[in-house]
Structures are given as structure tokens and as C-alpha cells.
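Input: a single structure, listed below in C-alpha cells.
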Number of protein chains: 2
Amino acid sequence: MLRTHTCGELRISQTGQNVSLCGWIQRNREMGGLTFIDLRDRYGITQLVFNMELNASLCGDARKLGREFVVCIQGKVAERSNKNPKIPTGDIEILVEKLTILNTSKVPPFTIEDHTDGGEELRMKYRYLDLRRDENKRNMLLRHRMAIEVRNYLNSKNFIEIETPFLIKSTPEGARDYVVPSRMNEGEFYALPQSPQTFKQLLMVAGYDRYFQIVRCFRDEDLRADRQPEFTQIDCEMSFVNQDDILNTFEGLATHLFKTILDVDVADFPQLPYEEALKLYGSDKPDIRFGMTFIELNTLMKGKGFRVVDDAGLVVGIKAEGCGEYSRKQLDALTDFVRKPQVGATGLVYIKYNPDGSIKSSVDKFYSPEDMKQVLDEFQAKPGDLILILAGDPDQIRSSMSDLRLEMGKRLNLMTSGEFKPLWIVDFPLLEWDEESQRYHAKHHPFTSPKEEDIPILESDPVSVRANAYDLVINGVEIGGGSVRIHNKELQQQLFKVLGFSDEEATAQFGFLMNAFEYGAPPHGGIAFGFDRWVTLFGRGESIRDFIAFPKNNAGRDVMIDSPSALSNEKLNELGIETTR
Amino acid sequence: MLRTHTCGELRISQTGQNVSLCGWIQRNREMGGLTFIDLRDRYGITQLVFNMELNASLCGDARKLGREFVVCIQGKVAERSNKNPKIPTGDIEILVEKLTILNTSKVPPFTIEDHTDGGEELRMKYRYLDLRRDENKRNMLLRHRMAIEVRNYLNSKNFIEIETPFLIKSTPEGARDYVVPSRMNEGEFYALPQSPQTFKQLLMVAGYDRYFQIVRCFRDEDLRADRQPEFTQIDCEMSFVNQDDILNTFEGLATHLFKTILDVDVADFPQLPYEEALKLYGSDKPDIRFGMTFIELNTLMKGKGFRVVDDAGLVVGIKAEGCGEYSRKQLDALTDFVRKPQVGATGLVYIKYNPDGSIKSSVDKFYSPEDMKQVLDEFQAKPGDLILILAGDPDQIRSSMSDLRLEMGKRLNLMTSGEFKPLWIVDFPLLEWDEESQRYHAKHHPFTSPKEEDIPILESDPVSVRANAYDLVINGVEIGGGSVRIHNKELQQQLFKVLGFSDEEATAQFGFLMNAFEYGAPPHGGIAFGFDRWVTLFGRGESIRDFIAFPKNNAGRDVMIDSPSALSNEKLNELGIETTR
């Protein structure tokens, strides 16, 4: 080895030892006859000292070292006179006796510091330099540690990791597939998996009763901030279990990760039916670190002559405790907020319960103080509270109110960083009606089982059928979702019919799965977690991109390697394809 | 949970307990008034008993259960009168009190037994049934256990697993890439990685000094028995190390796997230079569980008038101990063997050292008994030994003799199953001349560093340059290979020049890596192991297909899901491509 220790390792107890270190020049500064260098590697920073008086030639060489040069040094560990309590190696420094330059470096295009001067585009182009920054190192290490803990926990519970294929078959369900032309089977294509869904179900048929895999998945979607064309899933499936068994098992996994990764004890995983989540929070992924649940006000507020409310399908309010003294300006800002196109409300009604007990609202001319008091009582409001009310189309207004609730949570610092509140959303609807294609779509996926008691209405009233489907939501982030699957061919066929598949289509797409179900499929179900998201949540990050070593930008490009790129005609010809544009 | 125990779990100490089990019907047989059922799950087999006298209706139901039906039973653990010492649950049986059919099954197309009646094609089509067989379950479990051990070992040595992208950029070097058309960047393509080579080198530049990943890789090659279009690699890279450090580190990994997975102690990892491996074994992946090394006989045997030998570039022999009494028929069989097209020799010369001390050879008319005795002495042969000799073009004849040596090893049972002899092949040539393209190719890959002392002859005598490259070979199987990389831009450019890349080509293909090398690249090197092969070796299997859950056949097809397949015109249109054939 070129080194005896890392740059994060030496302590005062090692004073006097001869050591060698390797790393990058983080900082180089002269102080009188001394030169101090901060040497950095993955593990930390160690201070090197060169003394002009003792060894002028060596010190002269050291002064020429530029930022990010790679060096190997030998020297003796010494106690520092001027200790730095901020870093673990801050008690010592190395009196350098030998210096070897392993490689030089051009001046980096941005500073390699926590608060860098590089914009995202530049950092992505030089991702190999960006990744040198402490923040990114912490993120990569966190990701590694979480993967190790996931695997060891699931292994300890008799789950086995089984690798499923990447070159599979295109399916028209759901998002778009990425496809791969086959040279050996001309004119034919593989598809990259959106998830190993069918394979994990086949593994259950094959008797591997507890499967998992941390696996890359691919979706050719138009990208948003928190989406990548390739992403990583913790994919799991179990046999001979019901929904509660599955939820219990993965609460165990989540509890283990909270404890081992964050040293946080999380014991409570409440369950909230989908319908109720929408009623109380306007969202199927509510952040329950704070309350501020919705109260519906149709009965109390309609019929008083206020047109907007009278015409609305839903009137709904939240109580912002202690905000009764909000200024005109603050209230206008909230109105502007709800009117943003992505929030989508047309206006905001407020009721201020003043500290002196008086009531002031934006709709005083339609509602008497008694009317107002009734609303306040409905919220069990106290003087000093503020009620915020939206009215309109129920779906739209629930969504707008959910945004407003989160905005108020932010303003009131109710979303405590470091506090984690997991929540199961259960009883999702099995199907939803799609206006565009004029047919039902599977809300989760077409293998999800309906609740036993709802099977009789599967064909007569499809949208009312609830599924054995669940999402795990933590602090408002959907971390994972899954379902108990259908393991019975007849029920699966019935569902395909409701979904508008012809028998031929169903056979062409899922024939092998339907066939498999005829050879003794066990009851089974599972879940898949978005690993990128979970890591981002634990790392308290904003974007999953910061937790992926080599992410793509919003146009699906890797700007570092400049991909995708054109192919030669020779190559296209060999594959039997040509580009049409 | 539908079950309290698995089918592999119950022992005599649990007699009297009420339990419930789930599984598949393996066997169903009547004996007088009793019905015995073998219930199977992933963990084992448990015998169920139904008694016609005690519960005629239940026993009647049991008798109707067909093979591979899925059931859940409740009952009481009882000691068996007729114990079965062959299975861990053989001391007990379950007196069944309740039977629930969870699913029925059609009669499987082949028997789900160790020695099945299903041919490979049929088993691949119904892979989900094939995977129920014990042998395949053992293989999948072995693969899982090895992956867990690899990860935990490397983690304990400060390696971190970092996921690299799958949608990358096509490179013309080496084997063919699979490509993926980009819908968002029309006319452009991603490529699937043949390995994360460049990314792991970028991670070293980024300072992650110990990286690994168990990762899928893709090569669009014409397939052979032990190749798959997608395969799994244990990919590793380290910084601030020399070749010995790397070999030591991964000897540690191999030793750990031998111990934890096979309970075998393997301490010795000899190193053999590539040149010497060819001279002694005619192969760069020799099986050294037995000796039988080559002895070159040009000096002793040429010039005696035997044309075949006199014209040969190489005359080489091996000694088969104790085979001096081989019959005419046995010797003819060996001659037939070396003449097979895949072995490629034209004939075989033998010298029998008879037990009585006399000598008999196939070339008595050219060589005197004294000539023969000299050859025997060269081999330190004893009466009863047999010398086998081939002559011809050196490369061809080394390869043929390597095959003959392995054949003799097999016939003499010298390749002991359960014995493992690892070996490093070192000092590979850096380059090889390619007749077809009339240029040099990188033997390993274009980032491999030449031996320091050979750099001066890089341009004058390229084929003589040795590389800091190494393969790990175990029992004649190449398990992995790697090299110390070039970390210096000038040397890399010099090598690209020797490889016939123009500056433009080098920049277009590897510009981002070359750029990265200008910002402080540390000395680094690594290795990649073929995980499929390593698992196959440990599982004593013949084909890697048996250790992959859902393998493809030799035409690159998945016959279970019928992939690859045609795409709709709509889909092709959306991607901006069309098929030309």
C-alpha cells in the first residue's frame, strides 16, 4: 500500500509514529517559514507541515503544490499547538519528511467545498469533481449503508435476493418502456423492465416464498424534478401471507433502517384509508408531522348568498393556530399562493379570530358574526387562530388545500427536520376511469387483488371496488407501495375484462403469467420501495439527483459522458434499424 | 400468517404441538386406511397423515389432491413410527385436522424431482416450475448467500457499493453494445454497459478509493454455452495501491468465500506469468489440481527422420503416470480425441514404458530404444508410465495438448471435486496483433497500464510489452481479471496512438475520462469477477444457466416470456426508428 493510514484516522495517541498518507491538496498556505497543507481523502483531512528552515527544498516543493494535486507523503505524527476541534484529526499534524507528487491537476472549474461556486450544470459535467465534495460523499456513503442494512435485514428474515432479467418483453400497460433492438433476432426488440413485477410473481409460483432485490428499473417518461429515466427499487414479494403480515414485515424493515441509519426510534405506523386521507389531508401522501386536518363546511357555509361558496362542490377549511394576527400583506401572500397555476384555487377566504375575541373575515358581507362563530366552533378555534377556506370542485379544491396546508406547515415550522412520521395509506381504489382512453385503468397495477367483499360489484360498479393495496408514506413522501396480488386465473381474467383487454390481448401480454397461475400459484403479495427517494428522505435532501452517483438531467441526458448520442450507420445497419428523423 | 412453521422446520421435540403449514403436494399415496402426503415448500418436505377411520370426509378430500396443488393444513405434530433419516423432518408427521385448498394445479409438463423427465427446452419454457426443483433452489440460495458474503466482506474492508448508470454511451472498443433509442432525444441512442469500467475509474478520480458493485452487464455477442447476453459482475476498484495490494485484497475475498460458503480452507494463491502458463499448461487458465506439465522435446526428438516432428515448430509431451499398460483401443481413443476438430491435432505419438522395463512406442521405426530412454528420462518416467506427444504449430499444439492434458486428468480422476486450487495468471501481454483489422488490440482493455520497465519499448516492440494485468483462475475456470490502470493522460494518449486511435477518435470516445485524468487522478487498479461463473464453480455446476433464475437460450431468447418480440408501428414511430428487414 502507498499509505499506512487514511487522512481521517490519526489521533493524538499516535504522536511520534512514522506514517505515510495519500490524498488531494485541499488548501495550501504559508505562515512565516512554515507551509501548512490540508490533505484530503474520502475519510477526512489531515494537516501537513513543511518547515523552510529545516528543509528548504522540500518546503519549496510543497509551496508549488496546487489545489487537487495528488500526493503521497511520509512523515511523523506530532501534536498541534493550535488544535482544531472541528475535525477528528484536529489534534495532530504531520511533520513531512518526504513528498511524492502522484499526479498534478488543472485548476478545477469550481471550488470543491461544501458551499461551492459551481452551478448545477457545471457540476454535472464535472461530476467526478462534484463527487469529491463532502456533501456528495456523505450521500453516497449513506446510500451504501442503507443498501447493506436492507439486505442484511431481509436476509435475516429469510428473504433471498434473486436477480431477474433486464432484457425482457415490452408491455403496453403503464408508462413507456425503453426498448433494445435484437441483432440476433432481427426486427425484434427487448424491453427494459419498469419493475420486476411479473418475475417476482413467477418466483412466488416457483415457491421462493420470500424474495427481494435491490434493482434498477427504467421508465421512459417525460421527466420531473424527482424522476430519473433509471431508478432503483427495493423490490419485495412474499407468499402465504395476508395484507397485515406484509405491512408488519416491512414496518420491521423501516424500523430497522430508522434505528441503524439514523438512530431514531419509530414504533408507530398508523393506517389511514385512502378515502379518509383525501377527506382529512386532500392527499394520498399526507405529511402527518402536523395536524391541521381539513374540516368540510358545506353545511355551515352554503346558502348565505356567497356565490363562490354556493356554487362549489366542496367548501373546506383548515385552522392555522396562532395566526389570527396575520397582516393584510401576509394574507395577500397566501391568496397569491393558492392562485398559482400549480395550486389552482381561484381565491382564499379567511376568518381571523382576533385575540380580543372579535371576528374578522374576508366575507363579512355574506356571513354574520354568529355564522362565523359557528365555523370557528367547528374548528374548536381559540382567539388568535386563523381559519383558511377554499371552495370549488372537490378534487381540485382538496389538492389546492393540501398545498396550502403544507405551505402553512412550512411557515409555522411544523415539519420538524429529524422527526419522522410514517403512515400506511390503505384501501386504495382498484380502478380509475380514464377520460382520454375511455376505459378503466388499474390504479396500482393489473395484478392487484380487490377486497374479497367488493368482488361482487367488480363488473357492476368498478370504481367503488377497493383494492388490497397500500402505500408507505413518510413525512409526505411516498416511499413505497404494493398490494396483495390475484393468484387465481379466473379472477385475473375477470379483471382484465373490466380493464378492457380482449382475451387475445391478455394472452399476448401476460399469457405466461396466466399460464403460471394454473400450476399452483400460492396467495402472495408484496411491495416496492423507491430506494432513491428513501435515501433522499434519510439524507434530508431536496432532489434524488444528489443521491445518485451519475444522474441524468431533466432532458434525460448525461452531460458528463454526452449521452445519448448518434450511432454510426454501420451499427444501425447491423441492428436492422434506421432512424426516421 | 397462514402458517406457523415451514415444511423444513418441525422436529421430534415439537411432538404434540398444533401447527399449520402451507405448501405444494409433492406426493400423495394411500396405504390401507391411511393417506400420506409429502407437503413441500422452499424449506423442505413434511409428511401429512389423513386417517379414513377417524375422519372419512377429510381423508376423502386429501385423496383428491393432485400433484402441485397448493394447500394450507392444520394439525398436530406426531412422532413417526417409520422414521425417514434422509430428511431433517423425517422423525415426525402431521396428523391433519383441517385442510384448505389454496389453489389447484394442472398436471405439470414434467416431474418436479431431482432427476426430472423434462428436457431443457421444456423446463425453460416453464422455468417457474423448473425452479421448484431442489437443485435449482439450492443454486438460487447459493447465489444469494455468495452475494451477501461478498457485500459484507467488502463492506468490512471499507469498500462502498456505488450504483453506476445503465443508460450510457456506445463505444466501438471490444464486443458489441446493446443500444436503446432515446425518445426524448430523437435519432440518438443510449448503450447498455459492457461493464462499469469508465465509471469506476471516474469514481477513483472522485476519491472513492474503494468501490465495488455487483452489477448486471450486457454484451451483444454470438452466444456460446457459458455466455449470456446479460451477466453479473462483481466489479471492484481501489486507489493508492500497487498490483500486490490488489491481489492480496481479493485473495482475502476469495478465502472468505471459500470458508463461509464451502467451509474450505484455501491459503495458497500462487502466481504464474502468462508466458510460463502457456509453456507448462498450454493455457492461460490451467487447472492446477494436478501436474502433468508439458515438457518440450524439440531438442531430443528432432532430426531423427520423422517428418511430422522434424517439420514441427514445437514437439511437446506429457507424462500419464501408471498408464503404461493402456491397450491399443485406449490409445486409439486418445488419438481420435486429439484429432477432433475442436482439439485440432493431426496425430498422437505415444511411448509406453512397460512395467517390465521395455519400451514400446508408435514411432519405433524413427527412434532407437536409447532415443526413447532419453525422452523417458526427461520426464523422470518410471516403468508403467505413458508419454503422450504432439507436434506441430506451437500455438495450435499447445492448445491441443492442453485439451489432452485435461482429458487425461478426467480419465485418471485427477480433478477432484471439492478440491479448489486458485492461481493468479500475471504479466499478460498488453497488446495483441489483430490480423483482420491489421492493428493492435488491447488484450485486457485500453486503460491497462504497461509494466514500468516495458514502457520504453511501447512503440518499438508493442507485442513484447507486458501489462500490470492479472486473472484469477480456479480449477481451470477464469473467475475474474483486472489490471492496474493508467492514471496519467500522456501515457494514455501514447497507448491510444499505438492502438491506432486518432486524437479525434480517442476524444470522441473517452474524452470525459481523459479530461478527468487532468484533475488529479490517483494511481488505481481493480478487478471484475464473473459472478455467474463463480457461483457455478462453487455449486459444481456445468452451465451458468443453471445458476441464473431466468436465463436466455443460445439464440438470446427468453422462451418463457417469448422475448424479444416485434414492436407496434405506433411505438416505433414514437421512438423515431423503423426496422429495415
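Below, the figures for the structure above:
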read-out	value
Strands (runs of 3 or more DSSP E) wholly inside the stretch B:427-514 containing at least 2 residues that are out of contact with any Asp or Glu (no Cβ under 9 Å at 6 or more places or on another chain) and free of Cβ contacts under 8 Å to residues at least 60 places away in the same chain	B:431-434
Residue check for A:Ser195: crowded, with 23+ Cβ neighbours inside 10 Å and among the polar types (S, T, N, Q)	no
Number of positions in the stretch A:143-183 that are open to solvent by less than 20 Å² (accessible area, probe 1.4 Å), assigned to a loop (DSSP other than H, G, I, E, B) and not polar (S, T, N, Q)	7
Test for A:Val77: is it open to solvent by less than 20 Å² (accessible area, probe 1.4 Å), part of a helix (DSSP H, G or I) and of a type in the set (Val, Ile, Thr)	no
Residue check for A:Leu331: farther than 21 Å from A:Leu376 by Cα and not small (Gly, Ala, Ser)	no
Condition broken by A:Glu419, with the remaining ones in (1) at pLDDT 90 or above; (2) open to solvent by less than 50 Å² (accessible area, probe 1.4 Å) satisfied	(2)
Scope the stretch A:18-35; condition surrounded by 15 or more Cβ atoms within 10 Å (Cβ to Cβ) and either in contact (Cβ under 8 Å) with a residue 40 or more places away in the chain or within 13 Å of chain B (Cβ to nearest Cβ) (or both); matching residues	A:Val19, A:Ser20, A:Leu21, A:Cys22, A:Gly23, A:Trp24, A:Ile25, A:Gln26
Given (1) on the phi < 0 side of the Ramachandran plot; (2) outside the structural domain of A:Ala442 (by TED's automatic domain parsing), number of the condition A:Phe428 does not satisfy	(2)
Checklist (1) more than 8 Å from chain B (Cβ to nearest Cβ); (2) more than 28 Å from B:Glu68 (Cβ to Cβ) applied to A:Gly187, failing item	(1)
Residue that is modelled with the lowest pLDDT, among those in the stretch A:509-537 that are more than 9 Å from chain B (Cβ to nearest Cβ) and more than 21 Å from A:Ala469 (Cα to Cα)	A:Gln509
Among the candidates B:Ala521, B:Ala516, B:Ala469, residue that is closer than 30 Å to B:Ala267 by Cβ and surrounded by 18 or more Cβ atoms within 10 Å (Cβ to Cβ)	B:Ala469
Filtered residues of the stretch A:481-526 (kept if touching a Cys at 6+ places or on another chain (Cβ under 9 Å) and among the small types (Gly, Ala, Ser))	A:Gly482, A:Gly526
Selection status of B:Glu68, surrounded by 17 or more Cβ atoms within 10 Å (Cβ to Cβ), assigned to a loop (DSSP other than H, G, I, E, B) and not aromatic (Phe, Trp, Tyr)	yes
Residue satisfying all of: in the stretch B:109-142; without any contact (Cβ under 8 Å) to a residue 24 or more places away in the chain and among the basic types (Lys, Arg); most open to solvent (accessible area, probe 1.4 Å) among these	B:Arg123
Some residue of the stretch A:84-101 being among the hydrophobic types (A, V, I, L, M, F, W, C), open to solvent by 70 Å² or more (accessible area, probe 1.4 Å) and within 12 Å of chain B (Cβ to nearest Cβ)	yes
From A:Leu414, A:Leu390, residue being over 27 Å from A:Trp534 (Cβ atoms) and either at pLDDT 95 or above or assigned to a loop (DSSP other than H, G, I, E, B) (or both)	A:Leu390
Test: residue in the stretch B:165-176 that is within 11 Å of chain A (Cβ to nearest Cβ), of a type in the set (A, V, I, L, M) and touching a residue at least 40 places away in the same chain (Cβ under 8 Å)	no
Odd one out for A:Trp534 among (1) surrounded by fewer than 18 Cβ atoms within 10 Å (Cβ to Cβ); (2) assigned by TED's automatic domain parsing to the domain that holds A:Asp209; (3) not acidic (Asp, Glu)	(1)
Output for the stretch B:544-562, where each listed residue is open to solvent by less than 20 Å² (accessible area, probe 1.4 Å) and either over 19 Å from B:Ile214 (Cβ atoms) or without any contact (Cβ under 8 Å) to a residue 40 or more places away in the chain (or both)	B:Lys552, B:Gly556, B:Asp558, B:Met560, B:Ile561
Residue check, A:Thr232 crowded, with 18+ Cβ neighbours inside 10 Å, of a type in the set (Ser, Thr, Tyr) and either at pLDDT below 95 or within 19 Å of the chain's Cα centre (by Cα) (or both)	yes
Residue match in the stretch B:386-404 (condition: within 20 Å of B:Phe290 (Cβ to Cβ) and open to solvent by 70 Å² or more (accessible area, probe 1.4 Å))	no
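Residues checked against (1) more than 9 Å from chain B (Cβ to nearest Cβ); (2) of a type in the set (D, E, K, R):
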| residue | (1), (2) |
| --- | --- |
| A:Arg210 | no, yes |
| A:Gln213 | yes, no |
| A:Glu251 | yes, yes |
| A:Leu257 | yes, no |
| A:Gly282 | yes, no |
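The values are calculated or read from the model by the stated rules, or taken from the named source; none is laboratory data. If you're wondering where the values come from, they're calculated on a predicted model, not measured in any experiment. Glycine also receives a Cβ, built like all others from the backbone with ideal geometry; neighbour counts cover every protein chain displayed. Side chains are part of the model used for accessible areas, which takes the heavy atoms of the whole protein and leaves out ligands, DNA and RNA. Shrake-Rupley method; radii C 1.70, N 1.55, O 1.52, S 1.80 Å.
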